[in-house]
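Engineer: Here it is, the structure in full.
The values are calculated or read from the model by the stated rules, or taken from the named source; none is laboratory data. The model shown is predicted, which means the values in this text are computed figures rather than measured ones. Cβ coordinates were reconstructed from backbone atoms using ideal geometry, including for glycine residues, and neighbour counts include every protein chain displayed. What goes into the accessible areas is simple: the full protein's heavy atoms, side chains included, and nothing from ligands, DNA or RNA. Shrake-Rupley method; radii C 1.70, N 1.55, O 1.52, S 1.80 Å.
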Amino acid sequence: MPIAEQTSLSTALDLTWIRSQFPALAQTVNEHPNKCPAVFLDAPGGTQVPQRVIDAISDYLACNNANTGGAYHTSRNTDRMIAEARSAMGDFLNCDADEVVFGPNMTTLTFAMSRALGRELAPGDEIVLTLLDHDANFSPWKALEEKGVIIRTVKFDKADCTLDMHDLAAKLTIKTGKSTRLVAVGYASNAVGTINNVAEVVRLARQAGALSYIDAVHYAPHGPIDVRALDCDFLVCSTYKFFGPHMGVLYGKREHLKRLRPYKVRPNTDNIPNCWEWGTLNHECIAGIKACVDYWEELGRRVETGLAPSETRQAASLQEGRVKPEVTTRRAAILAAHEAIHEHERKMTEKMIAGFLAIPGLKLYGISDAQRFENRFEERCATFAIRIEGHTPLELATKLGDRGFFTWDGNYYALNLTEQLEVERLGGFLRIGLVHYNTMEEVERLLGALREIVG
Ligand SMILES: Cc1ncc(COP(=O)(O)O)c(C=O)c1O
């Protein structure tokens, strides 16, 4: 199928190459009479993986399947592979390898960290959370109420689902003589797509003498993460949301990982980061994480060096006299990939929002004002929560599913948000999520299908 973006002179992504990397994208929905192509709009729930991730997982199991720390070939290979994956994730997040902790998923890592931090907290200490966040960055901290910790919650603006930064600053103010010990905030909302100003949140937290814990699970496929520039204390993400296997990753500042006391078994090392990793990890998936970062790197190198550009892109570069800078490091390649992704997602977002707003009875939650895109899309990513009068989200998801469009309905664990917006008892929202492997043509087809369903 021709990929529409190839005809656009301004896009830096080679969508044909990208889509060829993801075998799942070639699927058709066989129940449909015309065997229509599957359209993956379910990325916020988990993205598809490139072939190299699948190969790395199966190669590991075929050739190197062993536990760590053994004095033999496959065990040493396993140790080496894990070290390489850690270093790759270090480049993805811009931290050192020993600040990267692997775990089954973000939720498990966050519960573990809340228990460890809880050992330091006293009754009356305060934790600031937001009502915009996924519950995985809420309940693990709220659980500390049983130790007498006080939870303070930050509101969001119901008109556009942006975080109320004045409220956040006010919640940090020490009014009671007690101190805020931690601020836990999402980088981006997995329901409505709002991107929070986490740099400002971290600054405010630091000013108040509190630690910052950033949930970057939803943000990771959409924008570059730089924990050094953010200066956050902790940041968590899940590789299955950015084209890798089902695993979670926690960044912790070295000083905190060393100082805090994880709950762990006695024979486990006291050295970081392994003292934060419990039992035997999913080694095959860690092999997949390294391959996932390799994909990001190749994507970035292709964007910048034009290894396989379409002819139109070559022509465009010549016309504009653009000289492409060499990408010298893996981190630089990842950043280059993000820049091109950002541009592609922004264009799809503009088209999607304009199309939504033209559908009668459709309500889009979150930022919909095109003017706000002037600042390079810093406040929204390509995740859309909608409701359409006369149709429940489940009905819409089912009808779209029958036509080959994979979307979600419900609350996606952003429970405070759906409760605040009073849609929890109405089936939540229909969520449509785009990532870089989606195309303008898919956006057009989705909008057409919605118009057809609405009638
Ligand atoms: C924003 C956000 N935070 C946290 C999570 C939980 O991640 P995990 O499934 O890795 O525990 C999700 C999962 O959807 C999410 O979207």
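Engineer: Mind checking which residues of the stretch 163-191 are open to solvent by less than 20 Å² (accessible area, probe 1.4 Å) and either β-branched (Val, Ile, Thr) or on the phi > 0 side of the Ramachandran plot (or both)?
Structural biologist: THR180, VAL183, VAL185
Engineer: Say we look at the stretch 87-105 and pick out the residues that are within 16 Å of the ligand (Cβ to nearest atom) and open to solvent by 40 Å² or more (accessible area, probe 1.4 Å); which of these is farthest from LYS241 (Cα to Cα)?
Structural biologist: Among those residues, the one meeting the criterion is PRO104.
Engineer: Which count do you get for residues in the stretch 106-136 that are of a type in the set (S, T, N, Q) and crowded, with 24+ Cβ neighbours inside 10 Å? Give the derivation first.
Structural biologist: Just the residues of the stretch 106-136 that are of a type in the set (S, T, N, Q), to begin with: 107-108, 110, 114, 130.
Narrowing further to those that are crowded, with 24+ Cβ neighbours inside 10 Å: 110, 130.
Selection size over the stretch 106-136: 2.
Engineer: Turning to a different aspect of this structure: What tally of residues in the stretch 117-138 results from selecting those that are within 11 Å of the ligand (Cβ to nearest atom) and either farther than 27 Å from ASP157 by Cβ or small (Gly, Ala, Ser) (or both)?
Structural biologist: Of the residues in that region, 1 qualify.
Engineer: Taking only the stretch 178-193 into account, find how many residues are out of contact with any strand residue (DSSP E or B) (no Cβ under 6 Å at 6 or more places or on another chain) and within 11 Å of the ligand (Cβ to nearest atom).
Structural biologist: Within the stretch 178-193, residues that are out of contact with any strand residue (DSSP E or B) (no Cβ under 6 Å at 6 or more places or on another chain) and within 11 Å of the ligand (Cβ to nearest atom) number 2.
Engineer: Among the strands (runs of 3 or more DSSP E) contained in the stretch 84-166, which hold 1 or more residues that are touching a Gly at 6+ places or on another chain (Cβ under 6 Å) and touching a residue at least 12 places away in the same chain (Cβ under 8 Å)?
Structural biologist: Output list reads 100-103.
Engineer: So which of ARG322, ARG313, ARG331 ends up being modelled with pLDDT under 90 and assigned to a helix (DSSP H, G or I)?
Structural biologist: None of the others qualify; the one that does is ARG313.
Engineer: Is it the case that some residue within the stretch 39-61 is open to solvent by 30 Å² or more (accessible area, probe 1.4 Å), at pLDDT 95 or above, among the basic types (Lys, Arg) and out of contact with any Cys (no Cβ under 7 Å at 6 or more places or on another chain)?
Structural biologist: Yes: one or more hits.
Engineer: What strands (runs of 3 or more DSSP E) lie completely within the stretch 346-455 and have 1 or more residues being among the aliphatic types (A, V, I, L, M) and either in contact with a Leu (Cβ under 9 Å, 6 or more places away or on another chain) or open to solvent by 30 Å² or more (accessible area, probe 1.4 Å) (or both)?
Structural biologist: Output list reads 362-365, 383-388, 429-433.
Engineer: Cβ-Cβ under 7 Å, sequence separation 6+ or interchain: first residue in the stretch 53-76 and in contact (Cβ under 8 Å) with a residue 40 or more places away in the chain, partner of a type in the set (Val, Ile, Thr) and open to solvent by 40 Å² or more (accessible area, probe 1.4 Å). Which pairs?
Structural biologist: ASN67/THR280
Engineer: Mind counting the residues in the stretch 263-280 that are crowded, with 18+ Cβ neighbours inside 10 Å and under 20 Å from THR74 (Cα atoms)? Spell out the reasoning first.
Structural biologist: Going through the stretch 263-280, the residues crowded, with 18+ Cβ neighbours inside 10 Å turn out to be 272-274, 276-277.
After this cut, where a residue has to be under 20 Å from THR74 (Cα atoms) as well, the list is 274.
Residues meeting the conditions: 1.
Engineer: Continuing with the same structure: Counting only residues that are touching a residue at least 12 places away in the same chain (Cβ under 8 Å) and either surrounded by fewer than 18 Cβ atoms within 10 Å (Cβ to Cβ) or away from the ligand (no atom under 16 Å from the Cβ) (or both), how many does the stretch 208-259 have?
Structural biologist: Just the residues of the stretch 208-259 that are touching a residue at least 12 places away in the same chain (Cβ under 8 Å), to begin with: 208-254, 256-258.
Add one more test, that the residue is either surrounded by fewer than 18 Cβ atoms within 10 Å (Cβ to Cβ) or away from the ligand (no atom under 16 Å from the Cβ) (or both), and what stays is 208-211, 224, 226-231, 233, 246, 252-254, 256-258.
Residues meeting the conditions: 19.
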